[in-house]
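Asker: Okay, here's the structure, questions in a sec.
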């Protein structure tokens, strides 16, 4: 059998090959929501933007499931391919397909059944509720397609076809971007138009992704392989748990943040709706930077996973260091734009109300003031998952969001109101960075020892 390029090609070349398509895929995925936000902001107003912010936790839940299944499957798939266990690789891929179908059906039924209560829990105010109901009732129908596309994209990337994975996401985003202004401004469909544009894009993306399942490079998938295996499911979920928990942690942050902003906002000059809408814009803008970082992390994972399975520990350490370095450069650019080009960034979504723009500017400058170091936690968490150490990955996933940010949001919000809420983020970012750095240093030393032992 021909040797897999993951085991011998230069690490920088491999990372470019895998990370660039992954970055584009993640950026494009973020653009789904951002494009909606831009056109809704200009066509409906900040209440429409607030509605998409309230609805966003539902997308986060969906992505948590996708990443747990997708990254867990991709990591196990890469490890099996690296160890030349092709039967196991087929079993993992088939299990992912079955598991995704079950998860998407369950998600759809539960969300449709409890949607009004969920939106209230996510921070919907009386003014925002009607917009949020219309938007989410429609977008929920796209969930099975969104899940299929995301899980398949991770598997496609692990199979050594990052460009195809990228194409799946890009096609859908282009369609969404074209249809958004048509539905909102020409057909005057408001938030419903944005929702339908999103769904149509997701459907087409999923069809393109599913097509690949019949054309794997490393395996030939059969109908017999597509079944649910409890041991495989547990193993995949264990590995992908850190990525899933990271998204669920983001979900908890969104819920606490939305409710805190609406509650403490009522005691300020901004009211309840403006902080909610402004926060949504800032978080969506930050998602672009996070998309780059997550893209690097995802591009790194099949390389690290394969080489760890093949016991090429020097290459594992090299790809980790390279990923962290590139992440730092990209994060520096994002930090500069957020801190020194704040008005230019926010104006993309419309200036609208003066108070709204004033709060959004202040929120971005404070809340994202330490976004420069966020990537270390994200990449380290993904790295540990890729080499089959899910517990460490899970711990790192929890540090920023759950262990530090949520308690600080509640504590500082209670003590200092809106001001305290804004400062909770940079404090959490700093502490999470230190913990991630300590984990990475320890693992780097361990990899050096493994490498020396392997050469003896």
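The values are calculated or read from the model by the stated rules, or taken from the named source; none is laboratory data. Since the structure is predicted, the reported quantities are computational estimates derived from the model, not experimental observations. Virtual Cβ from ideal backbone geometry, glycine too; neighbours counted across all protein chains shown.
Asker: Which of the residues spanning region 83-93 are under 17 Å from residue 307 (Cα atoms), surrounded by fewer than 22 Cβ atoms within 10 Å (Cβ to Cβ) and touching a residue at least 24 places away in the same chain (Cβ under 8 Å)?
Answerer: Our first condition is that a residue be under 17 Å from residue 307 (Cα atoms); within region 83-93, this holds for 83-86, 89.
Subsequent filtering for residues that are surrounded by fewer than 22 Cβ atoms within 10 Å (Cβ to Cβ) retains 83-86.
Scanning region 83-93 gives 83, 84, 86.
Asker: Specify which of the listed residues (146, 228, 179) is touching a helix residue (DSSP H, G or I) at 6+ places or on another chain (Cβ under 9 Å) and outside any helix (DSSP H, G or I).
Answerer: On the way: 146 fails: outside any helix (DSSP H, G or I); 179 fails: outside any helix (DSSP H, G or I).
Result: 228 is the single residue among 146, 228, 179 that is touching a helix residue (DSSP H, G or I) at 6+ places or on another chain (Cβ under 9 Å) and outside any helix (DSSP H, G or I).
Asker: Further question: For region 418-426, check the following and say yes or no: at least one residue is more than 22 Å from residue 331 (Cα to Cα), in contact with a helix residue (DSSP H, G or I) (Cβ under 9 Å, 6 or more places away or on another chain) and crowded, with 24+ Cβ neighbours inside 10 Å.
Answerer: Going residue by residue through region 418-426, those that are more than 22 Å from residue 331 (Cα to Cα) are 418-421.
After this cut, where a residue has to be in contact with a helix residue (DSSP H, G or I) (Cβ under 9 Å, 6 or more places away or on another chain) as well, the list is 418-421.
Now restrict to residues that are crowded, with 24+ Cβ neighbours inside 10 Å: 421.
Yes.
Asker: Same structure, new question: Among residues belonging to region 42-69 that are over 17 Å from the mean Cα position of the chain (by Cα) and surrounded by fewer than 22 Cβ atoms within 10 Å (Cβ to Cβ), point out the one that is modelled with the highest pLDDT.
Answerer: 47
Asker: A further question on this structure: Those residues that are more than 12 Å from residue 194 (Cβ to Cβ), surrounded by 24 or more Cβ atoms within 10 Å (Cβ to Cβ) and more than 24 Å from the chain's Cα centre (by Cα), I need them from region 119-136; list them, please.
Answerer: Of everything in region 119-136, just one residue is more than 12 Å from residue 194 (Cβ to Cβ), surrounded by 24 or more Cβ atoms within 10 Å (Cβ to Cβ) and more than 24 Å from the chain's Cα centre (by Cα), namely 128.
Asker: Regarding region 188-197, can at least one residue be identified that is closer than 28 Å to residue 19 by Cβ, in contact with a helix residue (DSSP H, G or I) (Cβ under 8 Å, 6 or more places away or on another chain), crowded, with 24+ Cβ neighbours inside 10 Å and without any contact (Cβ under 8 Å) to a residue 60 or more places away in the chain?
Answerer: To start, the set of residues in region 188-197 that are closer than 28 Å to residue 19 by Cβ comprises none.
Scanning region 188-197, I find no residue that is closer than 28 Å to residue 19 by Cβ, in contact with a helix residue (DSSP H, G or I) (Cβ under 8 Å, 6 or more places away or on another chain), crowded, with 24+ Cβ neighbours inside 10 Å and without any contact (Cβ under 8 Å) to a residue 60 or more places away in the chain, so the answer is no.
Asker: Would you pick out the residues in region 382-401 that are under 12 Å from residue 320 (Cβ atoms) and either part of a helix (DSSP H, G or I) or free of Cβ contacts under 8 Å to residues at least 40 places away in the same chain (or both)? Please lay out each step first, then the result.
Answerer: First, the residues of region 382-401 that are under 12 Å from residue 320 (Cβ atoms): 382-384, 386-387.
Correct list: 382, 383, 384, 386.
Asker: Restricting to region 149-170, what's the tally of residues that are modelled with pLDDT under 85 and outside any helix (DSSP H, G or I)?
Answerer: 1
Asker: Let me ask you something else. Do we find that residue 80 is more than 22 Å from residue 252 (Cα to Cα), at pLDDT below 90 and either within 18 Å of the chain's Cα centre (by Cα) or part of a helix (DSSP H, G or I) (or both) in this structure?
Answerer: Working: more than 22 Å from residue 252 (Cα to Cα): yes; at pLDDT below 90: yes; either within 18 Å of the chain's Cα centre (by Cα) or part of a helix (DSSP H, G or I) (or both): yes.
So residue 80 passes the test.
Asker: Can you tell which of 311, 365 is part of a loop (DSSP other than H, G, I, E, B) and surrounded by fewer than 16 Cβ atoms within 10 Å (Cβ to Cβ)? Give the steps one after another, and end with the answer.
Answerer: Numbers: 365 fails: part of a loop (DSSP other than H, G, I, E, B).
The match here is 311.
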